[in-house]
Amino acid sequence: MWRLGAFVLLFASLALGIACGDSDAASDSATSTPQPNATGVPRTDNEGGEPPIFWRTADDFASVRVDESYKVLLRITSGYDEETISLLAVRMGDGEEIQITSNRAEPVGEDLPGSYYPTSLLLSKPGTWELTIVAGEDEATVQFEVAEPVS
């Protein structure tokens, strides 16, 4: 009888190991399954921010360079569905401000809720910048470094 129990335990452990195993093919996938955050709002692994304002970038603002367009996709989950969204980029140190307005877009094949606003940042000086996103009553801020252009 103990052999049957040991066999069942071994089989269950093996099945659990296979089910929970980390596959290279799965980790290399270009798409990720939306994961809910602490408030239950789905979020993907490549999204930053907190409900209700999220942003997606190619590299979490790591390659922002002077006078080079940097793409950011904003996703707002609070019900904000206006035609435009306002952003303010402020350079720390000298206080230079750049007002940015982005238009709402309808994403193709998107499965996460919210309104989407593709945005291009074009900043004129290197240094630390703070980007403030205003969606109705909600606001989010992100700081990042802007590097000199590659020569």
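The values are calculated or read from the model by the stated rules, or taken from the named source; none is laboratory data. Model, not experiment: these values are computed from the prediction. Ideal geometry is used to build each Cβ from the backbone, glycine not excepted, and the neighbour counts take in all protein chains shown. The accessibility values were calculated without ligands, DNA or RNA, using every heavy atom of the protein model including side chains. Shrake-Rupley method; radii C 1.70, N 1.55, O 1.52, S 1.80 Å.
The GluC sites (Glu not before Pro) of segment 41-110 meeting both criteria, a DSSP state outside H, G, I, E and B (loop) and at most 11 other C-beta atoms within 10 angstrom of the site's C-beta, are Glu83. A 1.4 Å probe run over segment 72-144, with the rest of the protein chains in place, finds 51 Å² accessible per residue. With K and R counted +1 and D and E -1, the other residues having a Cβ less than 13 Å from that of Tyr70 yield a net charge of -2.
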